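Chemist: Sharing a structure, written as structure tokens. Questions coming.
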Amino acid sequence: MVEGQRCEKGSRKIYENLTKKFGSFYSREWKMPKINKKLSKFWLRTFFDCEGWVTCKTHQNRHIGLDSINESGLNQVINALNNLGIKTIKKYNEKRKIYRIYIYGKENLKLFKQQINFLHPEKKKKLEEVLNDYIVYIWNFPKNNKGCKLFVNNKLKEKLKFRKPLYFRMTSKEQENLKMMQNLIKKFYGIDSKVYKCVNGYGTTFYELNITRKEDVLKLIKLQLIPESKIKANLI
């Protein structure tokens, strides 16, 4: 049999034996069988092959999801995933009266692939796309002063945003990027800044560097470390 294809074998005797051993397979009544960790991986793969999906909205929304009206059964699935080190988020859709679990984050998705994965060819391919969509967020600062200063200048021009009233901000998913920038712009230009932890409306954590002192803002403009077009665009 080709990987990813399904086979079927049916008879009343097989059905009676399966329901006697594992219970009902109806949507509201199914239960995860009591099996060891190794076998649970195969069961979970079958379940996600049938009921799950994979979403890849580049650099924004990457997850594996699954719906069920059977909260009790879904809780057993969540526990089995937790036993494999895979964290989930469970939500309830009031309008559809259905429960949903999400698997987010590169490490969780990577662990899902290693421990469970898909046989379904399209879902398997989509999971690869999701993992490949993650980029390295740590900035590689050059070691020598000249190269490092050029890197900082380019990052300021690329990332720094002008905001009203007169101040600049820069964001990053990694705190260490902005902490390094904070130290270097102080070292190279004597400019003070502050780094804050922020959370957006989706619950995603990110970090923000702010330059708010008027003399520092004017120094950035004078040194042409912020493109004039960015300033004019925000003053209009």
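The values are calculated or read from the model by the stated rules, or taken from the named source; none is laboratory data. Keep in mind that this is a model prediction, so the values were computed, not measured. Using ideal geometry, Cβ is built from the backbone for each residue, glycine included, and neighbour counts are taken over all protein chains shown.
Chemist: If Trp139 meets every condition in (1) in contact with a strand residue (DSSP E or B) (Cβ under 9 Å, 6 or more places away or on another chain); (2) assigned to a helix (DSSP H, G or I); (3) under 30 Å from Leu220 (Cβ atoms) apart from one, which number is that one?
Modeler: Unmet for Trp139, out of (1) in contact with a strand residue (DSSP E or B) (Cβ under 9 Å, 6 or more places away or on another chain); (2) assigned to a helix (DSSP H, G or I); (3) under 30 Å from Leu220 (Cβ atoms): (2).
Chemist: Which count do you get for residues in segment 113-163 that are touching a residue at least 24 places away in the same chain (Cβ under 8 Å), acidic (Asp, Glu) and out of contact with any His (no Cβ under 7 Å at 6 or more places or on another chain)?
Modeler: Count: 1.
Chemist: Would you pick out the residues in segment 55-101 that are touching a strand residue (DSSP E or B) at 6+ places or on another chain (Cβ under 7 Å), hydroxyl-bearing (Ser, Thr, Tyr) and over 19 Å from Lys37 (Cβ atoms)?
Modeler: Thr55, Ser68, Tyr92, Tyr99
Chemist: Exactly one of (1) modelled with pLDDT under 95; (2) more than 19 Å from the chain's Cα centre (by Cα) is unmet by Ala80. Its number?
Modeler: (1)
Chemist: Mind listing whichever residues of segment 171-224 are in a strand (DSSP E or B) and either within 18 Å of Pro142 (Cβ to Cβ) or polar (S, T, N, Q) (or both)?
Modeler: Thr171, Ser172, Thr205, Asn210
Chemist: Let me ask you something else. Taking the options Leu109, Leu209, Leu160, Leu220, name whichever one is under 25 Å from Thr55 (Cα atoms), surrounded by 16 or more Cβ atoms within 10 Å (Cβ to Cβ) and in contact with a strand residue (DSSP E or B) (Cβ under 7 Å, 6 or more places away or on another chain).
Modeler: On the way: Leu209 fails: under 25 Å from Thr55 (Cα atoms); Leu160 fails: under 25 Å from Thr55 (Cα atoms); Leu220 fails: under 25 Å from Thr55 (Cα atoms).
Step by step, each of Leu109, Leu209, Leu160, Leu220 is checked, and only Leu109 is under 25 Å from Thr55 (Cα atoms), surrounded by 16 or more Cβ atoms within 10 Å (Cβ to Cβ) and in contact with a strand residue (DSSP E or B) (Cβ under 7 Å, 6 or more places away or on another chain).
Chemist: Of the conditions (1) surrounded by 11 or more Cβ atoms within 10 Å (Cβ to Cβ); (2) at pLDDT below 75, Arg6 clears all except one; give me its number.
Modeler: The failed condition is (1).
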